[in-house]
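**Q** First the structure, then my questions, so here it is.
Please treat every number below as a calculation from the coordinates, not as lab data. In this text the structure is predicted, and so the values were computed from the model without any measurement. Note that each Cβ is placed from the backbone with ideal geometry, even for glycine, and that neighbours are counted across all protein chains shown.
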Amino acid sequence: MLSSEKTGHAEICPMKKIKNPIALVLIVAMVIVSAVVFAGCVGSEPATLEGYLAGNDEAQKQIGESLAGLQSDDMRVDVSYEGNKIIITCALKSTYEGDVVQAVRDAYVHSEETMKASLEASIQEIQESTELSGITIDVVVNNGDGSELWRGSYGPVDSAD
């Protein structure tokens, strides 16, 4: 249970206060797919998704504007790229302990299959749109103190028909 010193609230179910990170992750993935699909490739063929997006100001702008709309008082959502890896980080602004940490982890474990199917569909669409292979998505949820609450990795998806 949370102490009232950390949250200012006693006996409140903190999971109701936290914006649903699972829904945010799926929204972010859809935003990235949309930006990639509509951006098209600029100039020479980039070797990685990171290069693809770095060379496209319109895609970066679309992703940035969409992310700005997803920020909240409870959580910050960031996206970064390393080669063909998309890293979606949900950083809670409050630090949770004990049962709440376990509840967050359990929520992700129970949603794993739904997230996997949705994120792999996003990966497939990105690979087809960019003609790149080996795209992966890592999802990271951090506690307010920066400690990692949960991490999941998805993909790559075989794009062969």
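**Q** Using a cut-off of 12 Å between beta-carbons, work out the net charge of the residues near Arg105 (Lys and Arg +1, Asp and Glu -1, Arg105 not included).
**A** Every neighbour counted, the sum reads -3.
**Q** Once R0 is set to 22 Å, what does the formula 1/(1 + (r/R0)^6) return for the Cβ-Cβ distance between Gln60 and Lys116, expressed as a FRET efficiency to the nearest 0.05?
**A** 0.25
**Q** Would you mind giving the three semi-axes, in whole Å and largest first, of the ellipsoid equivalent to segment 54-161 according to its Cα gyration tensor? Before the final figure, lay out the partial values.
**A** Working: eigenvalues 143, 68, 21 Å².
In descending order, the three semi-axes are 27, 18, 10 Å.
**Q** What's the local net charge at Lys85, with K and R +1, D and E -1, over the other residues with C-beta under 12 Å away?
**A** With Lys, Arg at +1 and Asp, Glu at -1, the net is -3.
**Q** Show me, for segment 52-69, the HN-Hα J-couplings you get by feeding each phi into the Karplus relation (A = 6.51, B = -1.76, C = 1.60, θ = phi - 60°), rounded to Hz, glycine and proline as x.
**A** So the Karplus estimates, Gly and Pro as x, are 4, 6, 5, x, 10, 4, 5, 5, 4, 5, 4, 5, x, 5, 5, 5, 4, x Hz.
**Q** With charges only on Cβ, +1 for K and R and -1 for D and E, what is the dipole size of segment 40-160 about its Cα centre, in debye, rounded to 20?
**A** 140 debye
**Q** In nm, to one decimal, how far is the modelled label at Ser34 from the one at Arg151, with both set 7 Å along Cα→Cβ?
**A** In this crude label model, Ser34 to Arg151 measures out at 3.0 nm.
**Q** What list of ³J(HN,Hα) couplings, whole Hz, do you get for segment 89-103 from phi and the Karplus terms 6.51, -1.76, 1.60, once you set θ to phi - 60° and write x for glycine and proline?
**A** 10, 9, 10, 5, 8, 9, 9, 10, 9, x, 4, 5, 4, 5, 5
**Q** Something else now. Determine, for each peptide in 125-133, 63-71, the mean count of other beta carbons within 10 angstrom over its residues, then list the peptides with the highest first. Spell out each step's value before the answer.
**A** Working: 125-133: 17.9, 63-71: 14.4.
Peptide ranking by packing, descending: 125-133, 63-71.
**Q** Can you check what the net charge comes to around Ile137, using other residues whose Cβ is under 14 Å from the Cβ of Ile137 (Lys, Arg +1; Asp, Glu -1)?
**A** Result for the local shell: -4.
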